[in-house]
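Take a look at the structure below.
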Amino acid sequence: MNHSEELLLHQSVDHLFAARWAVESAFSGSSDALTEDEGRDLGFSFFNAVNGLLKSAIDLADEATFATVERKWEAMFDEVWLPAFPHADLAHAFNERRGGEVQSELLALLRRREILRFGLAMWVVHLLERPQPVERSAFLHTAFGVLASQFPNVEWVLDAYDASTAAEESDKPPWTMWFLAELPDEAAHFIPTSEKLLLTALLLCTRLVAPGEPSELRPRDWFEWRHEEIQALLGRLVQERDRWQPVLGVADAFDTTSTATPPDPERGWSQRLDRLATLLASGREAQQDVERERVRNASIDETRLDEVRQPALRSAAEYRVLRDTLALQGNVNELREPPPDNAGLVAYNWAPKSFFVSESGVLGLDMMGRDLARSARTAEAQQLFAALPDVASSLEQGDLRSALSKTIEGMRTDGFHPSLIVLPINWQVERELGLTAFGATPVQHQTVPPSHQRDFCGIFEDVAAIDFAGAPDDRVWVLDLREAIRFDEWPSDSDSGVRLEFRSFDEASAAGFLSEHPEIRKGRTSEEAVRFLLERVLITMRLCWRITGGNPRAARALEIPEELRRGD
Amino acid sequence: MIESAPNDSMDTHGWLYNVLLLAAIASNLAAIGWLFRMLAVHPAPVAGRLSLRRQALKLLSASNRRKRWTDAIQRRRQRLGWTRFVIYAAALFVVVLIPVDVRWGPLDDVEDSEEFLRTLWQVVGAALGVSVAMVAFAFEAFRGSGQQAYGGSLREFAGASRLLLVIEIGLVSLLLDGVVLFGWGHNAPRGLPAAWAIIVSGITLVGVGYVMHRVVRLLDDSALRRMREERVRRLVDQAMTQQLVGQAATLWLGSSSLPIRTSFGNPGGATPIVASRAGEVVDVRLGPLSRFAVRHPNSQLWLPVNLGDSVAESGTGLYLTGQVSPRKRRRLAAAVRVRRADDESGNRALTEALERLHQQAMGAARGGRENEWRAIGQLYELVLLALPKAAAAWGIPFAGAVMAPGFFGVGPVQRIADFLYDELVAAVNANSRELIGPITYLPQHVAIEATRLGAPALAAPLFQLYPAMYALARRGRA
């Protein structure tokens, strides 16, 4: 090192810190100084340079420069007293030199320093994750200690972590470039900033937790959504005690009231991490409570309801194969209102209210809507089979194919017009009857609705055949739809055949609902039952049609031979 | 006669009516033709050049219209060159033709007037000779002062001292005396022409005295420094204007619906169209280009150059997919207006001036010449602090792409930061301790001053030199 380099080593620090006075004077109230906005902007650039210098000192394991720069940095604004992490809305911060509240620009600057310091701590942690030479490792332990000492309590650390992750997305601190500089060019890389920041936060918290301090943690949303990652990192810290315990300098007993001598470092470490895990779990529960409270108080977002409603109605309309087949044959009896003797088929579904509040991040509501409509489809088949006579002719002689031909012919002879063959889902039966569509090719026939051509299995003796899930697997029906059943329909939402209602609750309506439906209380206290309702939306789907039986002679069933039944 | 009068009137009205009718039909046809053409060439303009430079200036002038006009006037004045001299010389000669008689003293008599003008002619000639000798002396003194290398030029020195102006007036004065003695002008060689020739000669003689005084003052160090600073400010102003116009042009072209795309190089499979000449792109006539693109839907035009870019000999001005005749290619190439590079203006001039300063600073750093480097450091500071002012003149904050222009984000600020680092490396390598202090002091000093000027963004690249300086210092310990 020549004399110039020696001089440069000092002057690169001294002349950089010459700008310190310009930054500090901006907040001193002096008339000839920079304005507060200018001081903040200059301070940001200055702090970034200090951060770069400290990072270089860490990389070069230059303890003297690191200590000098960090000390000078720390001395800046040492007249400002902060009761907590310098959030933008921090109250009661006090400027001792100037007197009075701390300006928002200065708070922004101090916040920036915290973020950059947290990033430096992350970088030291990152370096310590790799094996290091003894001397370098010792320096990194010291550097981490110096940086960690700037974070006075667990909440401060977690606030700094929050601010750092937010800054990573908005202010573009240099961390990504730090990682990239280590990696080879011309290859894709995963930049682990997010994971390293979390690990750093957990390490700093581990250093600060004590048996009764803090008693609990403020709720934070990432306690919930990063729960598994937190658990994994805590597990890793348990296993890597040898590496991290010396870094944090917490080899002594965790519980100082314990009389055990000498202190057991391993036990102290696990106690410390257990305590942190407990605190984080309590924070997570608090976050869940906050979330539930928010959902309970939030109003329903109609646009999100529509994301369920529209796909549900669309799907319900698309699924109505029997109704559309009957409509084609002119056998739908349209009513203005539900018949008075209609018991009404109603499906109730409870959905989390959190799906439907405007802040919800839940995706795939359209799938939920389609699932709701599926029950309407199965209802069509169920009502059809309930309306048909429960008798079936056994095959006395011959095969199913010829028996079915005879049955159709017999119905025609009796003056009926067979228009639909209903089968269970059974490929052997279909093959036996020569029905080869299998849903892959469209079936074209005058009695088949164009929109449902792929729902049919084929044509047998000029009669369309269809299979239904849930159909009795022991028989095949031949129906003259005009005579065999009666299909009544009344107005529905968007002609979908169903009416959908979404009901959310407030305290009063929840109490009223509970008195009408005491079964909801089952296993719950009154308060819990009310909370249950406040956190949910009741989705009611009413069918706006019904199928009733007609002339029993117009519906004839044939038993499927045992050898053709499914599962044989 | 009495009966024919109404017929004549009817004939006249009928003729006028026919003319008006034809005019109306013609204008309607023209309007319909225009409309059809508009539909045919949409989104290209129906006619006209559609200057990219003008569109960019309009976009910029949304923030400062006055600046746009003063710049336009200044630009036209510079382009006049020798024409300016011809214009005011012609104006001086026109005066002798004014038909006004002056009968004061010797001007009333032809012989007295001739005698006086002959003597004056010789005096002015001699004075002019002295001026020319003074030019040589002053230029030599200026060159010898060593200031030229710091950014001053002879042309600038001549302009600042008004030397050229006085020589120009002196030449006109000699010619004017000759013309009047020859008898051209109203009542020449006496009367107003003689009076006017005497006045112009008098201005020349007074001017020679003024210029001598001014030359002596300009050779003073502080005056040279002021001149140099003025030049740097002008250079920065021109460079910033050029940069902003280029950036505004890119913005405008990107947001327009014209069927012309921009590219950094050959977009693939396209044929390059060689620019009309080597030099600097001063404008792009988008009207002909976009009309061509509309008429040739199977071809795609790509513009790989922006306003202010340099085009080398046989360099590409456009890229085109599809085949066109050589004549059309020449016409397309002509739409990209290229002017021979002028070393005295724009980004190029600023870059070259900075390069010269850097070369000299490197020499100073290696040789440990602190005062020489300090003088250059002041110029660096001047440039850095003039940049935000120049941007502010257009009402644009000096930050983001304005501070770090181009694909690689390198502008004068980044160049100077790089120069400072290189000079520091040179000083460290040469063990020039005297230079370490001034070089390490400058970035933070300029950063603070720039913040005061409302350009805090400038502080970031300058402060970022310090970690690099530290790493350089530590290099010796590694």
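Quick notes on this structure:
- Scope segment B:433-455; condition facing another protein chain (nearest Cβ under 7 Å), more than 30 Å from the chain's Cα centre (by Cα) and either outside any helix (DSSP H, G or I) or not polar (S, T, N, Q) (or both); matching residues: B:Arg433, B:Ile436, B:Gly437, B:Tyr441, B:Ile448
- In the set (1) facing another protein chain (nearest Cβ under 8 Å); (2) open to solvent by less than 20 Å² (accessible area, probe 1.4 Å); (3) free of Cβ contacts under 8 Å to residues at least 60 places away in the same chain, A:His3 fails one condition alone, (2).
- Residue match in segment A:44-62 (condition: away from every other protein chain (no Cβ under 14 Å), acidic (Asp, Glu) and closer than 27 Å to A:Glu169 by Cβ): no
- From A:Asp78, A:Asp32, A:Asp62, residue being of a type outside the set (A, V, I, L, M, F, W, C) and modelled with pLDDT under 90: A:Asp32
- Hey, B:Glu423 touching a residue at least 40 places away in the same chain (Cβ under 8 Å) and either of a type in the set (S, T, N, Q) or within 12 Å of chain A (Cβ to nearest Cβ) (or both) or not: no
- Residue, modelled with the highest pLDDT, within segment B:91-107, restricted to residues that are assigned to a helix (DSSP H, G or I) and open to solvent by 70 Å² or more (accessible area, probe 1.4 Å): B:Val94
- Taking the criterion of being at pLDDT below 90, surrounded by fewer than 20 Cβ atoms within 10 Å (Cβ to Cβ) and in contact with a helix residue (DSSP H, G or I) (Cβ under 6 Å, 6 or more places away or on another chain), the only residue of segment A:444-471 that qualifies is A:Gly470.
- Residue under evaluation B:Ala430, criteria (1) within 7 Å of chain A (Cβ to nearest Cβ); (2) surrounded by fewer than 20 Cβ atoms within 10 Å (Cβ to Cβ), criterion not met: (1)
- All positions within segment B:461-473 that are facing chain A (nearest Cβ under 7 Å) and either crowded, with 21+ Cβ neighbours inside 10 Å or touching a residue at least 24 places away in the same chain (Cβ under 8 Å) (or both): B:Phe463, B:Gln464, B:Tyr466, B:Pro467, B:Met469, B:Tyr470, B:Leu472, B:Ala473
- Subset of segment A:472-504 that is open to solvent by 10 Å² or more (accessible area, probe 1.4 Å) and part of a loop (DSSP other than H, G, I, E, B) - its residue that is nearest to A:Lys353 (Cα to Cα): A:Ser504
- Just one of the listed residues (B:Gly317, B:Gly279, B:Gly322) is surrounded by 20 or more Cβ atoms within 10 Å (Cβ to Cβ) and either closer than 22 Å to B:Ala40 by Cα or modelled with pLDDT of 85 or more (or both), namely B:Gly317.
- Selected residue (criterion: farthest from the other protein chains (Cβ to nearest Cβ)) from residues of segment A:8-37 that are of a type outside the set (Gly, Ala, Ser) and farther than 17 Å from B:Pro443 by Cα: A:Phe27
- The set of residues in segment B:434-449 being among the small types (Gly, Ala, Ser) and surrounded by 24 or more Cβ atoms within 10 Å (Cβ to Cβ) consists of B:Ala447 alone.
- Counting the residues of segment B:374-402 that are assigned to a helix (DSSP H, G or I), open to solvent by 20 Å² or more (accessible area, probe 1.4 Å) and within 14 Å of chain A (Cβ to nearest Cβ) gives 1.
- So B:Leu458, is it more than 8 Å from chain A (Cβ to nearest Cβ), more than 22 Å from B:Arg356 (Cα to Cα) and open to solvent by 10 Å² or more (accessible area, probe 1.4 Å): no
- Scoring B:Pro405 on the criteria (1) more than 10 Å from chain A (Cβ to nearest Cβ); (2) open to solvent by 30 Å² or more (accessible area, probe 1.4 Å); (3) assigned to a loop (DSSP other than H, G, I, E, B) leaves a single failure, condition (2).
The values are calculated or read from the model by the stated rules, or taken from the named source; none is laboratory data. Keep in mind the model is a prediction, meaning the values are calculated, not measured. All Cβ positions, even for glycine, are placed from backbone atoms using ideal geometry, and neighbour counts span all protein chains on display. Just the protein is used for accessible areas: all its heavy atoms, side chains included, with ligands, DNA and RNA removed. Shrake-Rupley method; radii C 1.70, N 1.55, O 1.52, S 1.80 Å.
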